[in-house]
Amino acid sequence: MLESDSSSDKLPPKGGAKGMTQDTARGTVVTASAPAEGDEPPAPRLSTRQAARRQRLLDSALALLEERDYERISVREVAEAAGVALATLYHYFPSKDHLFAEALVQWASTLGPDVNRRPLNGATAARRLEGALLRAARAFERRPQLARLLTRFETSDEPFAHEVLTRLDATTSDVYLDLLDDLPRDEARRIVRVLDAVFDSSLRAWSSGRATTADMRRSISDAVGLVLGDGQTE
């Protein structure tokens with residue numbers, strides 16, 4: 001029997017769930033409250049059961065992406081895999097794009113914990129940063145459907161796609177910036193921006209079949225070497 005959210009057994013009103021955001025640092029889901037005069041109580045959080053249901057939807061979306069591309073997955077399949085009603089899915093995510101964008105951001109946010117759990121080797125910050133970028137590339141190599149999904153958002157002119165890319169950049173850039181903590185923050189940001197651009201371009205070329213895995217990795221390593229060299233960031 002499919003679960004349904006008692007408050008969501010209908011499609012979302014116009015505007016959907018745009019007021020919903022995810023606090024990545026704490027893994028807490030909150031609903032954004034409208035501005036008002038005076039002090040306001042904290043924004044209400046999803047209940048434990050609602051948060052678990054929402055997470056099942058994200059996990060199911062990612063699991064289906066392991067099998068096939070975004071275009072070949074229906075939201076009904078995601079709902080069924082998560083064991084919830086279709087209307088419940090739309091309560092948390094107003095569209096298929098919103099669902100898979102959130103899944104992509106959540107997947108990308110695992111880079112930081114992964115680096116903490118498996119520290120990067122390298123005598124210099126440059127080598128450690130190269131290691132982090134190559135680790136991210138290998139993660140996409142294992143999940144090419146996610147690389148193609150990222151390209152979908154990068155080539156979209158929808159405002160929502162820009163918001164997704166901004167969140168993705170913030171998720172991964174902090175990891176890279178921490179590896180350059182001996183440099184002035186503004187300089188480190190410029191370096192990361194350049195290397196991110198090379199990473200994205202190389203990933204698009206690989207995911208579209210225009211470059212090999214070796215080509216992609218070489219482009220990333222070359223960019224790090226050209227921007228930072230081997231001994232600039234001891």
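The values are calculated or read from the model by the stated rules, or taken from the named source; none is laboratory data. Note that the coordinates shown come from a computational prediction; the quantities given were computed from them, not determined experimentally. Note that each Cβ is placed from the backbone with ideal geometry, even for glycine, and that neighbours are counted across all protein chains shown.
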inquiry  = Can you find a residue that is in contact with a Lys or Arg (Cβ under 7 Å, 6 or more places away or on another chain) and over 30 Å from Val192 (Cβ atoms) anywhere in segment 60-74?
reply    = no
ask   = Has segment 206-214 got at least one residue that is among the β-branched types (Val, Ile, Thr), under 23 Å from Arg68 (Cβ atoms) and not in a loop (DSSP other than H, G, I, E, B)?
value = yes
request  = May I ask you to verify whether Ala223 is over 21 Å from Ala108 (Cα atoms), among the aliphatic types (A, V, I, L, M), in the same structural domain as Ala132 (by TED's automatic domain parsing) and touching a residue at least 24 places away in the same chain (Cβ under 8 Å)?
outcome  = yes
Helices (runs of 4 or more DSSP H) contained in segment 23-112 and holding at least 2 residues out of contact with any Leu (no Cβ under 9 Å at 6 or more places or on another chain) and either of a type outside the set (A, V, I, L, M, F, W, C) or modelled with pLDDT of 95 or more (or both) = 48-65, 96-108
inquiry  = On the basis of being touching a helix residue (DSSP H, G or I) at 6+ places or on another chain (Cβ under 7 Å), crowded, with 19+ Cβ neighbours inside 10 Å and either under 13 Å from Ala136 (Cβ atoms) or acidic (Asp, Glu) (or both), does Val164 make the cut?
reply    = no
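Residue-wise test of (1) without any contact (Cβ under 8 Å) to a residue 12 or more places away in the chain; (2) more than 21 Å from Val164 (Cβ to Cβ); (3) surrounded by 15 or more Cβ atoms within 10 Å (Cβ to Cβ); (4) more than 17 Å from the chain's Cα centre (by Cα).
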position	(1), (2), (3), (4)
Glu71	yes, no, no, yes
Ala79	no, yes, yes, yes
Asn116	yes, yes, no, yes
Asn121	yes, yes, no, yes
Leu129	no, yes, yes, yes
ask   = Which of the residues spanning segment 96-112 are within 23 Å of Leu177 (Cα to Cα) and over 8 Å from the mean Cα position of the chain (by Cα)?
value = Thr110, Leu111, Gly112
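Here is a yes/no grid of residues against (1) within 23 Å of Arg152 (Cα to Cα); (2) of a type in the set (A, V, I, L, M):
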residue: Leu57; (1), (2): yes, yes
residue: Arg72; (1), (2): yes, no
residue: Leu86; (1), (2): no, yes
residue: Leu104; (1), (2): yes, yes
residue: Leu111; (1), (2): yes, yes
residue: Gly131; (1), (2): no, no
inquiry  = Just to be sure I understand, how many residues within segment 198-234 are surrounded by 13 or more Cβ atoms within 10 Å (Cβ to Cβ) and within 21 Å of the chain's Cα centre (by Cα)?
reply    = 13
key: Qualifying position, being over 22 Å from Tyr70 (Cα atoms), in a helix (DSSP H, G or I), within 18 Å of the chain's Cα centre (by Cα) and touching a residue at least 60 places away in the same chain (Cβ under 8 Å), among Leu195, Leu149, Leu168   = Leu195
